[in-house]
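Okay, structure first, notes after.
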Amino acid sequence: FFFNDPATTEIYTEQIVGSVRCVQETGTWGDIESFDYLFLGDYVDRGSHSLETMCLLLALKIRFPDQIHLLRGNHEDRWINNGFGFSEECATRLGEDPDDEDSVFNRVNQLFDWLPLAAVIEDKIICLHGGIGSTLNYVEEIECLQRPLEVIHEVSTIEQQLVVDILWSDPTDNDSEIGIHANTIRDPNGTGNIVKFGPDRVQQFLDLNNLSMIIRAHECVMDGFERFAAGSLITVFSATDYCQKHKNAGAVLILKKNFEITPKLIYPSSTNVGNWIDDEETLKKRPPTPPRWKNTLPRKSSYE
């Protein structure tokens with residue numbers, strides 16, 4: 001299925017799911033035959049059930065190829081998921097050598113290299129995992145990227161930077177911070193490859209592409225969803241109680257035919273225990289990314 005999908009998928013979808021991590025967090029409600037579902041990435045790592053999550057999502061994609069849409073996140077990258085849990089889970093639970101060419105770990109990562117990077121809904125809304133960063137100006141730039149696509153972290157070309165921007169960049173901390181800023185949390189070594197983008201960049205991108213909104217995931221937000229850039233960008237995060245550290249709610253966005261967006265909130269429960277990797281030594285080596293705290297500053301109506 002993914003071999004034939006373009007790098008930017010054009011769809012009409014009615015339910016949008018942010019970072020998933022744990023299969024239990026997706027819930028049991030919903031009618032797949034009547035609704036389209038768009039998942040924004042991060043299907044593996046951090047949690048204890050990456051294998052179940054992938055098996056379920058791929059089974060749903062096979063059973064409902066026109067209703068299930070999977071985008072690539074920054075953890076759908078062997079360089080990342082080799083160190084953040086998925087490789088270790090495959091080795092421990094399947095008794096395999098992840099470096100083996102025929103390992104499940106290797107085959108799943110080969111599939112990840114074919115996943116689309118973005119989806120455009122009815123020529124109105126673009127959905128991607130991270131953001132637009134400093135280099136993404138036109139949707140067509142994503143369509144020109146060739147797959148299978150390996151993510152290169154030591155960036156040396158504009159195309160490599162474009163991929164990093166799409167998968168890794170974040171909005172600035174609030175609507176008053178415009179322009180491009182260093183992302184010190186995700187880029188502690190100061191390479192400059194991972195950035196934050198302001199509300200002015202959001203509006204510029206939307207204007208250039210005649211779009212009305214950006215929907216992205218990538219950051220834990222305490223209420224499950226959060227608006228940015230006067231409501232022109234929404235962050236949605238579907239995994240509750242991220243890493244059993246933040247007690248955050250999760251959310252799924254329901255998009256109606258008139259483009260009205262309604263969030264469906266998912267709250268942490270006692271059944272979540274055991275869903276996350278909770279070994280303290282492991283958490284010290286790869287601590288969870290801090291949550292995005294709620295943007296409470298007054299929103300501007302224009303960023304010109």
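The numbers here are math on the coordinates, done by the rules we state, and not lab data. These numbers come from a predicted model, not from an experiment. So basically every Cβ, Gly included, is an ideal-geometry build from the backbone, and we count neighbours across all protein chains shown.
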Please list 3J(HN,Hα) in residue order for the range 99-116, calculated via the Karplus relation 6.51 cos²θ - 1.76 cosθ + 1.60 where θ = phi - 60°; whole Hz, with x for glycine and proline.
7, 5, 4, 9, 5, 4, 4, 5, 5, 5, 5, 5, 5, 4, 5, 9, 5, x
With the crude spin-label approximation of a point 7 Å out along Cα→Cβ, what separation in nm comes out for Ile32 versus Met222?
3.5
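Cross-link list Lys61/Lys124; Lys124/Lys247; Lys196/Lys257; Lys61/Lys196; Lys61/Lys264: which exceed 28 angstrom alpha carbon to alpha carbon?
Values: Lys61/Lys124 24 Å; Lys124/Lys247 33 Å; Lys196/Lys257 31 Å; Lys61/Lys196 33 Å; Lys61/Lys264 22 Å.
Over 28 Å Cα-Cα: Lys124/Lys247; Lys196/Lys257; Lys61/Lys196.
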Ranked highest first by the average count of other Cβ atoms within 10 Å around their residues, in what order do 114-121, 137-144, 68-75 fall?
68-75, 114-121, 137-144
Tell me the net charge near Gly131. Cut-off is 11 Å between Cβ atoms, Gly131 excluded, with +1 for each Lys or Arg and -1 for each Asp or Glu.
0
Sorted by chain and then number, the residues having a modelled amide H within less than 5 Å of the amide H of Gly179, at least 5 places away or on another chain, are Gly198, Asp200, Arg201
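Could you estimate the translational diffusion coefficient of the range 202-258 from the Stokes-Einstein equation, with Rh from the Kirkwood formula over C-alpha pairs, at 20 °C and 1.002 mPa s, in whole µm²/s? Before the final figure, lay out each step's value.
Details: Rh = 12.3 Å.
The estimated diffusion coefficient comes to 174 µm²/s.
Hand me the trypsin sites (Lys or Arg not before Pro) from the range 215-269 located in a DSSP loop with no more than 15 other Cβ atoms within 10 Å, in residue order please. Before the final figure, lay out the partial values.
Values: sites: Arg216, Arg227, Lys245, Lys247, Lys256, Lys257, Lys264; in loops: Lys245, Lys247, Lys256, Lys257.
Passing sites in the range 215-269 are Lys245, Lys247, Lys256, Lys257.
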Run the simple label-point estimate for Ile62 and Ser212 please: 7 Å along Cα→C-beta, distance reported in nm.
3.8
